[in-house]
Amino acid sequence: MRQLSFLAALIFVSAAVMATGHDFPYKAKVAGENVFVRSGAGMNYYRCARVSSPEEVTVTAERFGWSRIQPLDTCYSLIAKQYVKKSDSGSGVVEASNVNVWAGSPYVSPVHSTTRQLKLNSGTEVQIIGIDGDYYKIRPPRGASYWINSAYLEAAESEEKQQSSEESGEQADESQASAESSQDQQRSSAEYDSENGAGEVSEGEAGTSSEEKDQDKEAKPEPQKPQLTPEQAKKRKQAYQEYLRCAELVSKEKEKPIEVQDYKPVKKRLKKIIEGEQSGRAAVYAEALLGEVNRYEAAKLADEMLRDQDSELARRRSEIRKKYSQKENQITREEGYAYTGVLAKSYVYTGEDRDFRFAVKDRSGSIKAYAEPANSSVKARAMDMLGKTVGFKGEIIADPATSKVVVHFSQVFEIWEPKTGSDSGEDSSSEQENG
């Protein structure tokens, strides 16, 4: 199991070296102004510092278009004061085990500095450089790291190679010629002629000598190692500059409100970089940035779906309120009444703990409103009409607490409903004021 773990780690490291073309760590120059150094590998991690050209950083790893770098002089970490004993010299000693150290930032408060860099054990010494609330600002301990967008870095060693290839293609020819001349000193004239002739050697001519095998080994890596022409170097530089412009566009687009963000134009430009044969490492960076853009678009789509759902929910609520309002406010204005219904006692608004109110019911016995008398004399008149259909004159007010209307009435009348059958002709007076 340990051998498998070691082999997996070895494969991972080898893949990282092959992807970047560099052995870690290596020095790199910053290719930009005010480039943010972040607490993690991605735009979602908070900013910790800024760097500008021609500053150099030490790259220790790369991941998805982001480079892990050693702490800069302007970087600092945070550790809780309660776990550190401070000395007069400005240093401190950790007094607990597994104490978290967080990436500090002048742009983010300590409570929101949530990227943990490492843990320190009891007895570890730290260099205190300041205080921020309940935390000490300390020099980043060994093992702490930060991240920067790889698009803004230029390997110091590769820059010289690129400049030499851009100056002239003759230097490559001269170096190749000198290599051939050194090999000629070890070859016979016949071997030299055969190699520079048809380009193929028969089995008899090749023989089995170790000298010829060494020549084959020497011939394989050097000629096959890619040599950039000035035109190729120019195209790679143009692709790299185009990537930087795309990264800037993505950053500006992300700052806009999510509902108005539009990444389609920049996606086309990124795809063009990825598909370009002479894009070089810019294609790798563009592909990583395109992955981020796709995630931003997915977030925008989710936001649009939520907005649509909220809009539909608001529309349905509006319809329900409208129908409810129409139903509850269907006031029967018979003979100028503000409201009509069967008068009944309320077992909620009894006047003890709450204001006194009558309940107004429909013919099925359901409460459809409450009635509040203007004074005690009006209340007394209404008490004599309990169980009868009455009409109120007064003001109608909506009551959010009960989702019903309240009739503040100053007059109440009993409504005489017509009787059926032989009694329909008796006492045809339509209303009578009580009192």
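The values are calculated or read from the model by the stated rules, or taken from the named source; none is laboratory data. Owing to the predicted nature of the structure, the values given are computational and were not obtained by experimental measurement. All Cβ positions, even for glycine, are placed from backbone atoms using ideal geometry, and neighbour counts span all protein chains on display.
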Do we have LYS254 as free of Cβ contacts under 8 Å to residues at least 40 places away in the same chain, surrounded by 13 or more Cβ atoms within 10 Å (Cβ to Cβ) and in a helix (DSSP H, G or I) here?
-> no
Just give me the residues in segment 273-329 being in contact with a helix residue (DSSP H, G or I) (Cβ under 6 Å, 6 or more places away or on another chain) and over 30 Å from GLN232 (Cβ atoms), in sequence order.
-> LYS300, ASP303
Looking at ARG307, ARG316, ARG321, which is the one that is over 30 Å from VAL412 (Cβ atoms) and at pLDDT below 85?
-> ARG307
Identify, by number, the condition in (1) at pLDDT 85 or above; (2) assigned to a loop (DSSP other than H, G, I, E, B); (3) of a type outside the set (A, V, I, L, M, F, W, C); (4) under 59 Å from the mean Cα position of the chain (by Cα) that LYS368 doesn't meet.
-> (2)
Within segment 347-395, can you find the residues that are free of Cβ contacts under 8 Å to residues at least 24 places away in the same chain, out of contact with any Lys or Arg (no Cβ under 6 Å at 6 or more places or on another chain) and either surrounded by 19 or more Cβ atoms within 10 Å (Cβ to Cβ) or outside the structural domain of VAL412 (by TED's automatic domain parsing) (or both)?
-> ALA359
Got at least one residue in segment 237-248 being among the hydroxyl-bearing types (Ser, Thr, Tyr), over 23 Å from the mean Cα position of the chain (by Cα) and crowded, with 18+ Cβ neighbours inside 10 Å?
-> yes
Could you please find all residues in segment 63-98 being without any contact (Cβ under 8 Å) to a residue 24 or more places away in the chain and not basic (Lys, Arg)?
-> ASP73, TYR83, SER87, ASP88, SER89, ASN98
Taking LEU270 as the residue in question, decide whether it is under 27 Å from ALA239 (Cβ atoms), part of a helix (DSSP H, G or I) and among the hydrophobic types (A, V, I, L, M, F, W, C).
-> yes
Has segment 49-66 got at least one residue that is within 18 Å of ASP132 (Cβ to Cβ), assigned by TED's automatic domain parsing to the domain that holds GLU125 and surrounded by 16 or more Cβ atoms within 10 Å (Cβ to Cβ)?
-> yes
Matching residues, segment 18-73, being touching an Asp or Glu at 6+ places or on another chain (Cβ under 7 Å) and assigned to a loop (DSSP other than H, G, I, E, B) = ALA31, MET43, SER52, SER53
Those strands (runs of 3 or more DSSP E) lying entirely in segment 76-151 with at least 1 residues under 24 Å from the mean Cα position of the chain (by Cα) and not aromatic (Phe, Trp, Tyr) | 77-80, 99-103, 116-120, 146-149
